[in-house]
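Let me begin by presenting the structure, written as structure tokens, before commenting on it.
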Amino acid sequence: METTHRLLSGEAVRIEVPDAVALPGGTALGVLALEGQGQLEVTSGRDADLAFYLEVTGTTLDREVSLRDGRVLRHGRFGGDPQQGLGWAVAVGEHQVYGFTVPTMDLETLTGFLADVDVQEDALGPVLSPSGRTGWSPYRTQTVAQVVELSGAGDGLGGAGYLLDVRRARTGQLQDGRSGGAAVRGGRLSRSSDTERHPYAVLESSDFVSYGMPGTEEIVDAVVSSLSEVVVELVP
């Protein structure tokens, strides 16, 4: 199976997982650098992704305000705690752009910074173009998180799967003979050391570093096997 997502910066990434029985959801994440206010983590996904995020964090978006571009910002205290920052979300076509602030950032400051970010609707996911007092953080990379479901038929996996954490790398980073791991279809594949508390696998290609995080430790070998056939690549 395969799916295509758009990074928040605008680039599109195709993910092909031949042994997947489903590739549900998928979220894109980026971090904005805010002048004088640190950073703001921003995520985009479908309505179901936002609903899951709100449920897990215990956040209710029970208020709203209009932004300068006419979009509506829904907001509420993160986790329902008045001492925490604001949880927020903006609908962009069939997607949602959402996140939360630090406790010291008020609503006026948040909306002011969001006004400096141009947001364009796209079928593969919204595209954000920061300007003015905002920019992409130089310390954090653009990311896509994709759930991979495996059949588990006949091998005792019980339908388990893994999270594919796809991180944009500097183009051309992978060079023959300079990266560790075994050569596979989509680049070079390695696995975490035995000292790691939670085992995982890593697929490195010229444009992305992708981490396969198993749902349970028992299926790490199945994740390694799956990643050996995975392709993650930029597409026009």
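The values are calculated or read from the model by the stated rules, or taken from the named source; none is laboratory data. Predicted, not measured: the structure shown is a model, and the values here were computed from it. Positions of Cβ are backbone-derived with ideal geometry, glycine not excepted, and every protein chain shown enters the neighbour counts. When the accessible area is computed, the model is the full protein with side chains, heavy atoms only, and any ligands, DNA or RNA have been set aside. Shrake-Rupley method; radii C 1.70, N 1.55, O 1.52, S 1.80 Å.
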Per-residue accessible area for Glu35 at 1.4 Å probe radius, Å² rounded to 10? 120
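Can you give the FRET efficiency for Asp81 and Ala12, using 1/(1 + (r/R0)^6), R0 = 35 Å, r = Cβ-Cβ distance, to the nearest 0.05? Please list the in-between numbers first.
Values: r = 37 Å, r/R0 = 1.07.
It comes to 0.40.
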Would you kindly state how much longer the chain becomes between Arg140 and Glu217 on full extension, computed as 0.36 nm times their sequence separation minus their alpha carbon distance, in nm to one decimal? 25.0 nm
Leaving out ligands, DNA and RNA, and with a 1.4 Å probe, what % of the accessible surface on the chain is carbon or sulfur? 48
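Near Gly135, within a Cβ-to-Cβ distance under 15 Å, what is the net charge of the other residues, with Lys and Arg +1 and Asp and Glu -1? Please list the in-between numbers first.
Details: positive: Arg133, Arg140; negative: Glu35, Glu41, Asp116, Asp118.
The answer is -2.
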Sequence of His198, His75 when ordered by accessible area, the most exposed leading, probe 1.4 angstrom: His198, His75
GNM of the chain, Cα pairs under 10 angstrom: of Phe100, Phe113, Phe52, the biggest fluctuation goes to Phe52
The stretch 16-42 and the stretch 184-236 have their Cα centres apart by a whole-number Å value of 18
Taking the Cβ of Gly87 as the centre, find all other residues whose Cβ is under 15 Å away and add up their charges (Lys, Arg: +1; Asp, Glu: -1). -4
Principal axes of the chain: Cα extent on each, largest first, Å: 52, 37, 36
Would you mind telling me which residue in Ser44, Ser129, Ser205 has the biggest mean-square fluctuation in a Gaussian network model of the chain, where springs connect alpha carbons within a distance under 10 angstrom? Ser129
I'd like to check one number: the per residue accessible area of the chain, probe 1.4 Å, reported in Å² as a whole number. 51
Note down the net charge around Arg46, summing +1 for each Lys or Arg and -1 for each Asp or Glu among other residues with Cβ under 14 Å from its Cβ. -4
Here the stretch 14-26 yields Karplus 3J(HN,Hα) values (6.51, -1.76, 1.60; θ = phi - 60°; whole Hz; Gly and Pro given as x) of 9, 10, 10, 10, x, 9, 6, 9, 7, 10, x, x, x
